[in-house]
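The values are calculated or read from the model by the stated rules, or taken from the named source; none is laboratory data. Only a predicted model underlies this, so the values are computations on that prediction, with no experimental measurement involved. Using ideal geometry, Cβ is built from the backbone for each residue, glycine included, and neighbour counts are taken over all protein chains shown. Heavy atoms of the whole protein, side chains included, go into the accessibility calculation; ligands, DNA and RNA do not. Shrake-Rupley method; radii C 1.70, N 1.55, O 1.52, S 1.80 Å.
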Amino acid sequence: MSRRGGSAAACCLLCIGLVGNLNGIATAGPGFSRQLPCVFETSKFIPLSKETEIIRLNVRLLLSGTGSKGGQRPQPENLPPDKIPSFIVQESSADILPYANEDIEMLDCRISPYYTAGTQIVWPGRDIRASSSDAWFTCTITHTAGKYTTTVFLVQERKEKEDPNPGQLLPGIGEQLHVSAPLLVHSSPTLRRSGLAQDVWLHCAFSTAHRAEATVQWVLQQKGGHRKRLMAYSGSSKRVEGLAGRAEMVLEEIPKGNASLLLRNTEVRDEGTYSCSVSVASLTAEQAIQLQIEEKPTVTVNVNSLSLVEGEQHKLVCNIRHYYPHDIQVQWLREPKDSWKVPDVVKNVLSSSHRQSSNGTYSSSRYFLLTASLRDNGHRYTCRVDHPSLRSPIRRSVTVEVREATSSAWLLLLLLGLAVSLLGALWYHHRVRSTAKTKPY
Ligand SMILES: *[C@@H]1O[C@H](CO)[C@@H](O)[C@H](O)[C@H]1NC(C)=O
Ligand SMILES: *[C@@H]1O[C@H](CO)[C@@H](O)[C@H](O)[C@H]1NC(C)=O
């Protein structure tokens, strides 16, 4: 009975960032409280090349606020005098305004036709005969910093003999499309990061123009490719069906438009794409939230301080434990006494392979053999670890103290003394022989 709006919404999402926004002004003329620059995207089949061409057109979405009453059509003189087609959203619609009230530079708005492929979309409060020729659109408003995504269905209610070609926008013609928004689904944020063993809310909200029974479903697409149904709520039975442990929904909240999912005690295998799909009558809108597990490493170094004799060797080991995901940057640095100097990166550092614990976290180590030289005295060796879970790198340091090798120094002096006396003896011998030579008679 339901056609899925997911594919249309996904198409909108794919094209994000390809087309720049109009430099729209946030507030519109009287009667509108918000004007949002949007890109209208549609595809056209070219029979000769058998290819489809994507057509993009700058349009605007006009939202009326509390100023105009009772779905009254705004007066044309209130519209900016240009040739940009306008989607004028009527009052009796799902409330888009809260999701369009951000800094306009941060919002990406796409509108696409929603092809009903001949099937009639039945909607509460609509005469079935009248709805057969309606033009449907999906509008996706995405916050470019990942704060949220909102998908709205728009319908241009067409009366017979009014417009022979609904939903066919022509470039350069300042058309006005009066639309209403029967269903809106909103998720925030679009990327959710969480540590292990946490309780996480995945926020999904919906709004309808008419009182209607909504059916909600949460599905997880795991990283490995498995699809798992987590939760289902049926509007007719008013019951929540939990299909997986650790996932919950608040039953009383759902009829109010709050379809948020609570995931308890997160695990590594919870990573993936969560989609919240809301069906009302024969419309289904879907919104996806990415869940990324990030667990901070604990970093230790095998010694706190080192006191070595010149020439002595010591293994410095940096242990990095229980982090997730796998990608990690580890460096051993040799830091000079003057802290303003750039530290040297220690070469010849070896690493152990990553070991994985039963909870999915990784551990590994980085080590090198330090041969003490007097130049190292007072220097610090630092293990610096950077990981996606960290705001700034973790640093663990060892201060190295290097003493002169006293015993060998005595030996050296002794050898030097011997050498000197040997040289002295040789020189004397030479003198004696040469004096002997200069006596030819
Ligand atoms: C939805 O309900 C949950 C549980 O009561 C609450 O924590 C959350 O803030 C609600 N979300 C919205 C958007 O109201
Ligand atoms: C993961 O498992 C390891 C070893 O069993 C444990 O030390 C670590 O604390 C666990 N991490 C979390 C977040 O539970």
Within region 261-274, considering residues that are surrounded by fewer than 20 Cβ atoms within 10 Å (Cβ to Cβ) and away from ligand 2 (no atom under 16 Å from the Cβ), the one nearest to L220 (Cα to Cα): T273
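Taking region 213-270 on its own, how many of its residues are under 22 Å from G360 (Cα atoms) and either not in a strand (DSSP E or B) or not assigned by TED's automatic domain parsing to the domain that holds G195 (or both)?
Quick first cut of region 213-270, residues under 22 Å from G360 (Cα atoms) only: 220-228, 230, 244-247, 262-270.
From the residues that got through so far, the ones that are either not in a strand (DSSP E or B) or not assigned by TED's automatic domain parsing to the domain that holds G195 (or both) too are 223-226, 244-246, 264-270.
Residues flagged as under 22 Å from G360 (Cα atoms) and either not in a strand (DSSP E or B) or not assigned by TED's automatic domain parsing to the domain that holds G195 (or both) within region 213-270 amount to 14.
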If you check A281, A247, which single one turns out to be within 19 Å of H203 (Cβ to Cβ) and buried (at least 18 other Cβ atoms within 10 Å of the Cβ)? A247
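List the strands (runs of 3 or more DSSP E) inside region 293-344, counting only whole elements, that have at least 3 residues being open to solvent by 30 Å² or more (accessible area, probe 1.4 Å).
Values: elements: 298-301, 305-309, 313-323, 329-335.
Strands (runs of 3 or more DSSP E) meeting the threshold: 305-309, 313-323, 329-335.
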Of those in region 34-58 that are among the basic types (K, R) and free of Cβ contacts under 8 Å to residues at least 12 places away in the same chain, the residue surrounded by the fewest Cβ atoms within 10 Å (Cβ to Cβ) is K50
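Report whether or not N377 is in contact (Cβ under 8 Å) with a residue 12 or more places away in the chain, of a type outside the set (A, V, I, L, M, F, W, C) and surrounded by 12 or more Cβ atoms within 10 Å (Cβ to Cβ).
Details: in contact (Cβ under 8 Å) with a residue 12 or more places away in the chain: yes; of a type outside the set (A, V, I, L, M, F, W, C): yes; surrounded by 12 or more Cβ atoms within 10 Å (Cβ to Cβ): yes.
It is true that N377 is in contact (Cβ under 8 Å) with a residue 12 or more places away in the chain, of a type outside the set (A, V, I, L, M, F, W, C) and surrounded by 12 or more Cβ atoms within 10 Å (Cβ to Cβ).
Rundown of residues vs (1) away from ligand 1 (no atom under 16 Å from the Cβ); (2) surrounded by fewer than 17 Cβ atoms within 10 Å (Cβ to Cβ); (3) of a type outside the set (D, E, K, R), yes/no style:
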{"residue": "S351", "(1), (2), (3)": "yes, yes, yes"}
{"residue": "R355", "(1), (2), (3)": "yes, yes, no"}
{"residue": "N359", "(1), (2), (3)": "yes, yes, yes"}
{"residue": "T382", "(1), (2), (3)": "yes, no, yes"}
{"residue": "H387", "(1), (2), (3)": "yes, no, yes"}
Unmet criterion (only one of (1) assigned to a loop (DSSP other than H, G, I, E, B); (2) within 29 Å of the chain's Cα centre (by Cα)) for S363: (1)
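Answer yes or no: is there a residue in region 120-137 that is modelled with pLDDT of 75 or more, in contact with a Phe, Trp or Tyr (Cβ under 7 Å, 6 or more places away or on another chain), within 27 Å of I289 (Cα to Cα) and open to solvent by less than 80 Å² (accessible area, probe 1.4 Å).
yes
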